[in-house]
Each structure stands twice: as C-alpha cells, then as structure tokens.
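Structure first, then comments.
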Amino acid sequence: MQNYKIISEKNVILNNSNQVKDYIYKTIKYKEVIMKKLFRVFFISFFFIFIKIQISYCEERAYVTNWESDNISVIQLSNDTVIETIPTVAGPLGLAFTPDYKYVYVTNYGMAACNNKVTVIQTSDNTVQCVITVGNCPAQIAITPDGELGYVANYFGDTFSVIEISTNSVVATVPIGNGPMGVSITPDGQYAYFAMEQEGTVKVVQISDNTVIATINVGSSPYRIAFTPDGAYAYVTNRFSNNVSVIQTSDNTVIATIGVGGWPHGVAITPDGEYAYVVNFLQSNSVSVIQTSTNSVVNTISVGSAPKAIAFTLDGEYAYVTNGGSNSVSVIEISTGTVVETIPVNTNPSGIIIGNCPEVTGWIEGTVSLEGGSGNVEDVVITAGFECTNPDASGFYSIEIEPGIYNVTATLKNYIPYNDTVTVITGQTSVVDIVLYSLDFLAPPENLTYNNIGDYLTWDPPQTILDWIAYNVYKDYTIIATIPDTSGIFFNPSPGIYFLTAVYEYGESVPSNIVEVPTVGTEDRLQVQNIKLNNYPNPFNELTVISYTLKVSERVSLKIYDMQGHETRTLVNEKQTAGKHSVIWDGTDDRGMPIGPGVYICRLQVRNLLFRKKIIVQ
C-alpha cells in the first residue's frame, strides 16, 4: 500500500490512504454540519427579523410637524427612525390623535401667508383622508376624550372652530378674543382651555354649549397648556415672561408662577402626573423639569437648538423634544434626565404627539329576523372568526373585527343555521342581514302517487321558500335511492311501502305521504322470468321494433302510453301463439299522427301480468 504524508488544516500528519480518506470524509461531514447549523441560525434570525419588521410597524409612533417643509415625520420609537414622511398643506403646526389612534388631526397654520386648514391623516397607512377648512391661522387642536369633537384655536381668526369628528365638518365657529394660540381639553371632556397669547389670559369654554365661563389672567404671551392626569391643575407656558402659570381648575385661579428658561413654548405632564416638562425655546435651549407637588424646578436638561414641543411615551420612560433650530428630535431618558438619542427630521420641527399603533378594524353589522317558530332573536349566536355576539331585541348586531375574509354564521335551536362569507375592509362596515328559518320550513314532497300503468312513482315538489337539492326514496322505511331535485318520477319500484323526503342543505324533511306498490303472485313471477319485452333501436327517430316471447298461447295487449298515463297507441290486442313476436311502431298515435319527442311507456299485458319498457322518441 502506498503511503501518504499530508499535513491537514489542523496540522495532523496523515500517513496512508485510509487516513486520508477518513480525514476527507470527516472534513466533508464536519463542513456539512457547520453549514446546516449556519443555515438554521440564518433562517431563525431572518424569521425573527421578519417578524420584528412586521410587528414593529405597529408599535408606538411619534408624529412631528415640520413647519417649514410642509410635511410630517413619522418616527418609529422602537428604533428611533423616521419611517415615513407625509406631505400636508402649508405650515403644519399643532397635532392631536383621536382616542383610538386611528387618525391624526393637523393644524396648517401657514408660513408666508396665513392658512385656514386642518389635515386629517389615517394612521393605518399614513394617508391624508381629507382637508377641513377652519378659521385663519389655526395654531393648535385638541380632541375630546370621547373622540366626538375637535377644538381648533384660530390665531388670527380670533375664533375657535368645532369639528365633528364623525363627519369631519365644522359645526361651530365661535369668537373668543385676540390671538388664541393654544388649546387643551380637560380629562373629563367638559371644558376647553384656550391660551390667548395677545391678551395674556386663559379662557375656559364649556363644551356643552361653547360659552366662555371664565377668563384667567396669566403671564405675558401664553402659548401652550397641559393638564395633570386628574385634571386638577393646568400648566400654562408664558413665552414673554419666561415663566409657567399653574391654574387650579376647581376655581380657575392661578396658584403658582414658576420661573423657567427663555421663551417657554411646549409643556407636557408625565403620565404619573409627578412632573411637568417645559421646553425653553430661546437662549437656554433646554427643558425645565418642574415637580408638580412643590411647583419648583428640579432639573434642567440641555437639548437641541430652539426646542418647541415635547411629548412622552405612553409608559412615561422617555420624552421626545422637537428642536426647530437644529431640525431634529431629542430623546430624553426620564430616569437619568439625559439625552440618549437625536433623530434628524425635516425643516423646523414644531409640534409632536406620541401614540400607539391604531387598532385597525372594520365592522360586520346587520339585522337578524326569524321566520316561523317561537325562538327569541336575542338568543341567536352570531360568529365571525373568533368574535361572537348576540343581537339586541330589535335584531341589530355589530361585530368589530380586523380586516379579512370571514365565514359569518348564525345559529339558534330549532332553526336552520345561517352561513355566509364576507370581506371586511379597514374602517368600513360590511352589512350582513340574516334570516333564520324554522325547521318547519324543511317541507316534504307532496302527493306521492303510484302509477300502475307506467309503473312509476310521481310526486309534487315541497311547498317552501327554501331550496332543496335532492329527494331520498325510502322503501319499507329504508333509503334505497337519492335522485336530483329536478326529477319528479321514480321508475319500476318493486313491491313495498314507499315514501319520500326532500333533502336540503341544512337537513332532511319529514316523510311525505306513504303509498304501496302491490305484490305480484308466485305463479306470475315464474311467467315474468319467461317473457322478455325489448325494443330496438331505443331511442329512435322513425321506426322501432318491439319484440317479446310467449311461453304458451295467450291473449296479448301491447299499448303505448305517455308519461301522464294517457293511452297513445294500441299495437296488439289479440290472442297470439307461443313463440317470438315482433311489432313495428312508427311513432304515431291511433289516429296516425306523429307523436312528440319524449319518454313513453310500452306496456305488455299477458293475462293479469304487466310488463313495461321505457321507449324514447327523438
């Protein structure tokens, strides 16, 4: 055997061919194992990355108005990246979510000239749904907690506009005074507070009738307002006096004035209500942290240039600050009070709000009615996917559900189940009206009759508004055949007790009336075995030959009947000898007139025995 001396990759000396083969085999297997492991790692990593990508789009997001670039940056908070930029009408400034996070309402203040629009964005796909005309230079908007109304502060219009959210229409325009710049609504939804920049006041509007019920003197040039979560206090930034006014809402009095940095703009309260964060627009480029229990500044955090607005994540762990001078958003970690991220956005970011991914749903709605029976409509169980509901006393039902294709079912004891397929589209209602029929509507066939001339069973269809699909034929209480619903005839039934049922999609009807097909005697049965009735051709156009064989000399009657049992032609009526006999029929009746195409019965009678054969005339 030839020896080999090879140094492997691991510096192992291989001295013979067997060692070389073994090394090569192990190396290949080792690499295969490594490749499989790498593939598994890659696949699992890709799978989780894919899942994260799919899920992350529906995570917490921030919407930032870029005042000078006329668009909105959408920031995904899981990785602090801008995932979309939405063009809007000129000069977007203030924002507000609907409570379900399905829509963002944006005030378009304008830039070179005053604007008068509010842009509505659907957050499921970040598309502009509509643009609403309001007063001049709308600066800020707030939406009531029930999501029914939006209040817009029109700065140069000296008014506020009330938008009905369900219709996106302005239902009121109310004069309020000089320069309403900010607006915020109490957590209970009863009052709207307006920061009147040119008056140095805050005006309180009662939402039920849109009347001003209080005017509160605050600092110079009030700009923005934020409420504590319990609604007990409102914090107002006063730009020109470089302070914050604290209003006690129970009596609408100022209980504290807190000095902060230069030109305080935005203000937001932490979700736990313990701190108010105030954005200082000029000079200090900072955020002042006010402890609400003492109304004192406990920290100052440096951010970007010319900060304007601030918003907290829903868990209160981070604050996001728009920096109008540096075209960025600073991310503050609340626990450490430090900026941990700076996110580039577009020109002059001004307003910011943070919210969850909307619950993207549609609806299945309709009414349920019962036909027959004594059931209660409120006991009907309606299901679509994993959702389930019952109608109210009037039969109305509604199911909110994610978009998709669903099998809608409705069930009630002693009623035929309902089943239908419906497509649900985001934000739209699919109407499915349901009728449940009592099992009494599963009617049987009627007037079952045995025709002894043609030797067949006939019947009338069920008297019902439901569709049936077939008939079951029972003999001696055992099913012997299922025939299509288009048929109304059953040929050559053997002796016995017969009834029929109608077969529906939802079940089987009760039996029809019962008929009896008579029994043939023993001697006649022997005769039947020796008499054969045939014809050829069958079907035929012009002529057919009908043949039969007699065992003994007998009197014979050979006649043709239509399917209604009417005698059409007598071919033989005489005594005939034993043996084979043939008769030609030309398809005419006793008058010599051609009969129409169809199925006919050829009946041979020998003594008291009847023999039948179906003949088809084309």
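The values are calculated or read from the model by the stated rules, or taken from the named source; none is laboratory data. None of these values were measured; they are calculated from a predicted model. Methodologically, a virtual Cβ is constructed for each residue, glycine included, from the backbone with ideal geometry; neighbour enumeration extends over all protein chains shown. All accessible areas refer to the heavy atoms of the entire protein, side chains included, with ligands and DNA or RNA removed. Shrake-Rupley method; radii C 1.70, N 1.55, O 1.52, S 1.80 Å.
Here Y109 passes the criteria (1) over 22 Å from T201 (Cβ atoms); (2) open to solvent by 20 Å² or more (accessible area, probe 1.4 Å) except the one numbered (1).
Taken as a whole, the condition of being farther than 27 Å from E199 by Cα, open to solvent by 60 Å² or more (accessible area, probe 1.4 Å) and of a type in the set (D, E) applies to E317. Could you tell me whether any residue of the range 199-206 is open to solvent by 60 Å² or more (accessible area, probe 1.4 Å), in contact (Cβ under 8 Å) with a residue 12 or more places away in the chain and not acidic (D, E)? Among the residues of the range 199-206, not one is open to solvent by 60 Å² or more (accessible area, probe 1.4 Å), in contact (Cβ under 8 Å) with a residue 12 or more places away in the chain and not acidic (D, E), which makes the answer no.
Residues T449, T411: which one is among the hydroxyl-bearing types (S, T, Y), closer than 30 Å to H566 by Cβ and in contact (Cβ under 8 Å) with a residue 12 or more places away in the chain?
Numbers: T411 fails: closer than 30 Å to H566 by Cβ.
Being among the hydroxyl-bearing types (S, T, Y), closer than 30 Å to H566 by Cβ and in contact (Cβ under 8 Å) with a residue 12 or more places away in the chain holds for just one of T449, T411, which is T449.
Annotation note: of T482, T478, T464, the sole residue that is out of contact with any strand residue (DSSP E or B) (no Cβ under 9 Å at 6 or more places or on another chain) and farther than 21 Å from K613 by Cα is T478.
In the range 529-551, the condition of being at pLDDT below 90 and in contact with a helix residue (DSSP H, G or I) (Cβ under 7 Å, 6 or more places away or on another chain) is met by at least one residue.
Of the strands (runs of 3 or more DSSP E) lying entirely inside the range 308-404, those carrying at least 3 residues that are among the small types (G, A, S) are 349-355, 362-371. Test G355 against the criterion of being out of contact with any Pro (no Cβ under 8 Å at 6 or more places or on another chain), within 30 Å of T65 (Cβ to Cβ), surrounded by 14 or more Cβ atoms within 10 Å (Cβ to Cβ) and modelled with pLDDT of 90 or more, and give yes or no. Judged against the criteria, G355 is a match. Among the residues of the range 217-226, are any among the charged types (D, E, K, R) and more than 45 Å from the chain's Cα centre (by Cα)? No, that holds for no residue.
Considering the range 272-303, the residues that are small (G, A, S) and surrounded by 20 or more Cβ atoms within 10 Å (Cβ to Cβ) include one that is nearest to the chain's Cα centre (by Cα), namely A276.
Filtering the range 535-568 to residues that are part of a strand (DSSP E or B), touching a residue at least 24 places away in the same chain (Cβ under 8 Å) and open to solvent by 50 Å² or more (accessible area, probe 1.4 Å) leaves V545, T549, R555.
Here is a list: S250, S293, S284. Which entry is assigned to a loop (DSSP other than H, G, I, E, B), without any contact (Cβ under 8 Å) to a residue 24 or more places away in the chain and within 21 Å of S330 (Cα to Cα)? Before you say what the answer is, go through the steps one by one.
Working: S250 fails: within 21 Å of S330 (Cα to Cα); S293 fails: within 21 Å of S330 (Cα to Cα).
Being assigned to a loop (DSSP other than H, G, I, E, B), without any contact (Cβ under 8 Å) to a residue 24 or more places away in the chain and within 21 Å of S330 (Cα to Cα) holds for just one of S250, S293, S284, which is S284.
Matching residues to (1) under 30 Å from E274 (Cβ atoms); (2) at pLDDT 95 or above; (3) surrounded by 15 or more Cβ atoms within 10 Å (Cβ to Cβ); (4) among the hydrophobic types (A, V, I, L, M, F, W, C):
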position	(1), (2), (3), (4)
I163	no, yes, yes, yes
V171	no, yes, no, yes
D188	yes, yes, no, no
V218	yes, yes, yes, yes
A226	yes, yes, yes, yes
Y235	yes, yes, yes, no
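Among the residues making up the range 405-436, those that are assigned to a strand (DSSP E or B) and open to solvent by 50 Å² or more (accessible area, probe 1.4 Å) are I405, N407, T411, N419, D420, T421, T423, T429, V431, V435.
Counting just the residues of the range 369-395 that are in contact with a Ser or Thr (Cβ under 9 Å, 6 or more places away or on another chain) and either hydroxyl-bearing (S, T, Y) or open to solvent by 70 Å² or more (accessible area, probe 1.4 Å) (or both), which one comes out farthest from L412 (Cα to Cα)? Per the stated criteria, the residue is S394.
I want to confirm something. Restricting to the range 63-89 and keeping residues that are of a type in the set (A, V, I, L, M) and part of a loop (DSSP other than H, G, I, E, B), which single residue is nearest to the chain's Cα centre (by Cα)?
Going through the qualifying residues, I end up with L77.
Could you go through the range 306-314 and let me know if any residue there is touching a His at 6+ places or on another chain (Cβ under 6 Å), open to solvent by less than 30 Å² (accessible area, probe 1.4 Å) and of a type outside the set (V, I, T). Yes, the range 306-314 contains at least one residue that is touching a His at 6+ places or on another chain (Cβ under 6 Å), open to solvent by less than 30 Å² (accessible area, probe 1.4 Å) and of a type outside the set (V, I, T).
Cβ-Cβ distances below 6 Å connect the following pairs, each with a first residue in the range 305-334 that is under 14 Å from V278 (Cα atoms) and of a type in the set (G, A, S), a second residue that is open to solvent by 40 Å² or more (accessible area, probe 1.4 Å) and not in a strand (DSSP E or B), and a separation of six or more residues or different chains: A306/G325.
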